[in-house]
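Asks: Before I ask anything, let me first share the structure, which is written out below as structure tokens.
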Amino acid sequence: MNDHPQYADSAALLASGRRVLEIERDAVAGLLPRVDDAFAQACAAMLGCGGRVVVTGMGKSGHIGNKIAATLASTGTPSFFVHPGEASHGDLGMITRQDVVLAISNSGETVEILTILPLIKRMGAPLIAMTGRPGSTLASSAEVQLAYAIGVAQPVSVTVSTENTAVIPEDQIAELVKQHFSMTPRGIIKHLNLLRPIYKTTARHGHFGRTPGADGSFSWEKTDKAAALAKAAGIKMK
């Protein structure tokens, strides 16, 4: 028995698959301005390395780092992944001064990586930092720092999915969203009034599908922008 009849339509599945590829395409295109001198320096450091490229990272960054190391190794650059948590318990001995260390951390403040930084620096192995925060501890400690798209104020792309219920094109809705909402972290925090403790209220029964409270809780459930969006789209609200 199909528990999700809305996904039985082949056209909807194809549209969803193409939309995912479009999102990924736009995200990759948004990285083009970030291929700069730092990128060239990182490449030069790895190509001129007399040892191996040692990649490290925690959590999702670790999974990505593992893939980077595997890809480098399979394309002719000696490389392997070291888990930063294991490194401080003996695996740091796998790294030598002839190696280049590529450390990945969105915040640039991952404790497990910061713990081994002094040892890497003392060893003399060049450090490349890939981080979303150029001013972080990790970035400041590196010879080369690569910043990626998570650190930018505006999103690389805005995509709307209505699951084929829209009365106007989804691309048009996305443009209206960008025109009527501030998509910067500061703008989102200000509009939703997120800098206040609402933990008790939101700790149970989920965060979505709730009624906005008088105390400002569940502000993301408000529809206060609906009239402005409908007017801009030329739609009459019922």
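The values are calculated or read from the model by the stated rules, or taken from the named source; none is laboratory data. Fair warning: this is a prediction, and the values are worked out from it, not measured in the lab. Cβ atoms come from the backbone with ideal geometry, glycine included; neighbour counts cover every protein chain shown.
Asks: Please work out which residue is farthest from V101 (Cα to Cα), limiting yourself to region 38-67 and to residues that are of a type in the set (V, I, T) and modelled with pLDDT of 95 or more.
Replies: T56
Asks: Where residues in region 107-132 are of a type outside the set (A, V, I, L, M, F, W, C) and over 20 Å from C43 (Cα atoms), which of them is farthest from the chain's Cα centre (by Cα)?
Replies: R122
Asks: What number of residues in region 23-46 are more than 17 Å from the chain's Cα centre (by Cα) and touching a residue at least 12 places away in the same chain (Cβ under 8 Å)?
Replies: Matching residues across region 23-46 total 6.
Asks: Being over 22 Å from the mean Cα position of the chain (by Cα) and basic (K, R) is the filter; apply it to region 189-206 and report the residue that is surrounded by the fewest Cβ atoms within 10 Å (Cβ to Cβ).
Replies: R204
Asks: Go through region 115-141 and report how many residues are of a type in the set (S, T, Y) and either crowded, with 21+ Cβ neighbours inside 10 Å or touching a residue at least 40 places away in the same chain (Cβ under 8 Å) (or both).
Replies: Within region 115-141, residues that are of a type in the set (S, T, Y) and either crowded, with 21+ Cβ neighbours inside 10 Å or touching a residue at least 40 places away in the same chain (Cβ under 8 Å) (or both) number 2.
Condition check ((1) in a helix (DSSP H, G or I); (2) aromatic (F, W, Y); (3) surrounded by fewer than 14 Cβ atoms within 10 Å (Cβ to Cβ)) across all residues:
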| site | (1), (2), (3) |
| --- | --- |
| A12 | yes, no, yes |
| A15 | yes, no, no |
| A42 | yes, no, no |
| T56 | no, no, no |
| H63 | yes, no, yes |
| I68 | yes, no, no |
| T77 | no, no, no |
| G85 | yes, no, no |
| L92 | yes, no, no |
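Asks: Considering only residues that are assigned to a loop (DSSP other than H, G, I, E, B), modelled with pLDDT of 70 or more, over 20 Å from R19 (Cα atoms) and touching a Ser or Thr at 6+ places or on another chain (Cβ under 8 Å), which ones fall in region 119-166?
Replies: A125, G132, R133, S136 - these are the residues of region 119-166 that are assigned to a loop (DSSP other than H, G, I, E, B), modelled with pLDDT of 70 or more, over 20 Å from R19 (Cα atoms) and touching a Ser or Thr at 6+ places or on another chain (Cβ under 8 Å).
Asks: Would you confirm, using the coordinates I've provided, whether M1 is more than 23 Å from the chain's Cα centre (by Cα) and modelled with pLDDT under 90?
Replies: When the stated conditions are applied, M1 passes them.
Asks: So, R97, is that one assigned to a loop (DSSP other than H, G, I, E, B), of a type in the set (D, E, K, R) and loosely packed, with under 14 Cβ neighbours inside 10 Å or not?
Replies: Yes; evaluated as a whole, the condition is true for this residue.
Asks: Shifting gears a bit: Which one of these is touching a Leu at 6+ places or on another chain (Cβ under 8 Å) and β-branched (V, I, T): I113, I104, I95?
Replies: Exactly one residue qualifies, and that residue is I113.
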